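Q: One structure, pasted below without further comment.
Nothing in this text is a laboratory measurement; each read-out follows from the coordinates by a stated rule. All of these numbers come straight from a predicted model, not from anything done at the bench. All Cβ positions, even for glycine, are placed from backbone atoms using ideal geometry, and neighbour counts span all protein chains on display.
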Amino acid sequence: MHDQLVGLTYMLIGVTLYASQAIVAKIALRQDVDPLTLVAVRFAFGLALHWTYAVLCRRVVRLPSGLLLRVGLLGALGSGVASTLSVLALARIPASHVALLFATYPSWVTVGDRILNGVPITRPRILGLAAALVGAAFLTLGENVQALGMRVNLGSILALANAICYAIFFVLSRRHVTRLSAGVVAPYYTTFAFLTLLLLRPPWQLVHADLQPELWGPALYMAAVGGFVGFFAFLKALQYFHSGEAALIGTLEPAMSVVLAYLILGEHLFGWQLAGLVLILLGVLVGQLEQLWTAVNAPARRGGGSGGEGRSGRRR
């Protein structure tokens, strides 16, 4: 019980801080800040923060080449590519839409668990996935949903791609977090995320980029608050939950983003967009509650107290 409360605390901290990132990024983009430059500078700040923390806490660990490659690919995908897709989507559609499309990621976690870990997809999970996808379609097509053949917003496609990348990262990263620790893998994730951004925005372009004053504050906030404290809290939470439990709790992040977008940015949802909101959240709940219920009751079915040994043993 104590482990679950600790994990829940870490997850809620990460959820809140991650949610605020989208709002801050949207404010910067409204000031005509270049999206790729914003993400690149954000990861440059993050790189310095993560490695400084690792050195001061003596958590710098030299990884074997095979593990380094896997961690690097995860960092490039789950941090670099996913963050870039998110900011590019924010440049095209409202922050609340990006948040709600991102909320489909627990459904993609279910698919990823099936493909990568062999976890069966039961009927409730199939229904949940279908509801989330229909809700995403409502958001993507917006008020034109009644007219077939309408154009699909590129921003919505980017937001969905972000959710899928994040889900893959979510499922795979837990293996590395349990083997090492959040403090060890986070600097490597951030390093490879930054290297990914340098492919999209090379250093010579950054040097000559328009680094206007509106860029620095949001980039530093995204690096320090979301990318450092939030990311560290998220990785720590994965040590206490399996991916389905954490994904369910993580759906609070998009909901928080919608609330913040309404309060700070003045964004609203109307018509089919509200229907999309309901379907996405319903789909996530239907798809993940069964998994959460199974996990909670598994120790009792195995005979009580011995069920907790696997989790604490993996952390050690």
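Q: At a Förster distance of 45 Å, what's the computed FRET efficiency of residue 157 paired with residue 58, Cβ-Cβ distance as r, to 0.05? The partial results should precede the final answer.
A: Working: r = 44 Å, r/R0 = 0.97.
Calculated value: 0.55.
Q: Among 2, 97, which comes first, then next, by fewest other beta-carbon atoms within 10 Å? Could the numbers behind the result be given before it?
A: Numbers: 2 7, 97 26.
Fewest-to-most ranking of 2, 97: 2, 97.
Q: Still on this model: Taking 7 Å along the Cα-to-C-beta vector as the label spot, tell me the residue 69-residue 122 distance in nanometres, rounded to one decimal.
A: Once both label points are built, they end up 3.8 nm from each other.
Q: Also, I was wondering about something else. Can you tell me the FRET efficiency between residue 2 and residue 216 if r is taken as the Cβ-Cβ distance and R0 is 41 Å, rounded to the nearest 0.05? The partial results should precede the final answer.
A: Working: r = 41 Å, r/R0 = 1.00.
The formula returns an efficiency of 0.50 here.
Q: Rank-order 109-122, 53-66 by packing density, defined as the average count of other C-beta atoms within 10 Å over each peptide's residues, highest first.
A: Working: 109-122: 16.4, 53-66: 11.3.
Answer by packing, highest mean first, reads 109-122, 53-66.
Q: Whole Å is fine, so just give me how far the alpha carbon centre of region 102-121 lies from that of region 39-97.
A: One Cα centre to the other: 22 Å.
Q: Further, regarding this structure: Suppose each label sits 7 Å from its Cα in the direction of the beta carbon; what would the residue 115-residue 268 distance come out to in nanometres?
A: Taking the simple label geometry, residue 115 and residue 268 are separated by 3.9 nm.
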